[in-house]
Amino acid sequence: MPIVAGMKERTPATPAAQGAEAPSAHRPVLLHELIQRLHPSGNDVVIDGTFGQGEMARAILGQLGPDGRIVGIDLDPDAVKHGRLRFATDPRVTVVHGSYANMEDILHEAGMDGADVVLLDLGYSSNQIEDPSRGMSFMRDGPLDMRFDPTSGNTAQDLLNTYDEAALTTILFRLGEERWAAAIARSIIRTRASHPLERTGDLVACVESAIPRRAWPQHIHPATKTFQALRIAVNDELGTIERGVQSAIRILRPGGRLGVISFHSLEDTLVKNLLHVSATPCVCPPQQTFCTCAHRVHLFLPERKAIRPSPEETAANPRSRSARLRIAVRQ
């Protein structure tokens, strides 16, 4: 059972880079800070592991020379289709359907042996959460899907209607940090005994009936953490982050830069730990007198703390409030 882990001044892009506008453009967070620290330029090879609507790519293209390259990767077939149309006239952009956890294979298939910049903007896009057919929002009735790639893998409906109470409790507690995890799991089991859970409204009803009204959180919907946990489980988000960051470290050329934007504590803690381990010369237990790990340092961390959005950005885009950017440089 998988239990492993979604906005600024824009750099002007060239006309060829701008392409057609997305029907509903996603606003990338920390864009100015990301470009300032990753400083893509010249003939750099850039991997955008979470391509989305291509807003990051559009800004980065304005920094690259005629021989620079962007390899965009996304699990969402709709995002890939739109990206290919949007950048069809710019040969510097290649958009691939797949997971950034497999970026090594994707890069090699594109005929390149390394990258100068890798960026990962984790989580889901506003387009995905606003689409009822994706089932990611408790505010919109839709099928309990939650997959980033709706063409493969198990859905949230599959998980909710087949996992036992202990497994559901573990997912909600570990991945949603939901204090009412056990009660919600019992409510799900009780409900599905009479009919399967098929719609987001079915899950919302289970959560609302499980949490006493007086205990509902004041500033978020009571189903927020449950939906987060199930989305993370369905898409194996934390496992993908771990594999993706490790893959990025391997393909970055010396001096190459990695930027990761996360949106909740589970993501950020995992990214921070992965980067710090790769930047640490010894990973032996602290009580051990002599180093025996022979650990090799792969990264330099120019900033030890996460970079936060400016007050101006959070005021203009409240969704950016929880964003954290971490930067690493390949040794």
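The values are calculated or read from the model by the stated rules, or taken from the named source; none is laboratory data. Every value quoted in this text rests on a predicted model; they were computed, and no experiment measured them. Every residue, glycine as well, gets a Cβ built from its backbone with ideal geometry; the counts of neighbours run over all protein chains shown. Accessible surface is based on the protein model in full, side chains and every heavy atom, while ligands, DNA and RNA are left aside. Shrake-Rupley method; radii C 1.70, N 1.55, O 1.52, S 1.80 Å.
Quick notes on this one:
- Fraction of C-alpha pairs exceeding 34 angstrom in the chain: 28 percent, rounded to a whole number.
- Rounded, prolate or oblate (a/c below 1.5 giving rounded, otherwise prolate when a/b exceeds b/c) for the stretch 187-327 by Cα gyration tensor: prolate
- Taking all pairs of distinct alpha-carbon atoms in the stretch 60-116, Kirkwood radius in angstrom: 11.9
- In whole angstrom, the stretch 120-271 maps to an equivalent ellipsoid with semi-axes of 30, 16, 15, each derived as √(5λ) from the alpha carbon gyration tensor and ordered largest first.
- For the stretch 122-214, the solvent-accessible area of protein heavy atoms averages 48 Å² per residue (probe radius 1.4 Å; ligands and nucleic acids excluded).
- For the chain, the fraction of 1.4 Å probe accessible surface lying on carbon and sulfur atoms is 52 percent.
- Mean Cβ neighbour count within 10 Å, used as a protection proxy, ranking 281-290, 114-123, 67-76, 252-261 highest first: 114-123, 67-76, 252-261, 281-290
- Solvent-accessible heavy-atom area per residue, rounded to whole Å², over the stretch 259-331 at 1.4 Å: 57
- Ellipticity estimate at 222 nm from DSSP helix runs (n ≥ 4, -39,500 (n - 2.57)) divided over the chain, nearest 500: -11000 deg cm²/dmol
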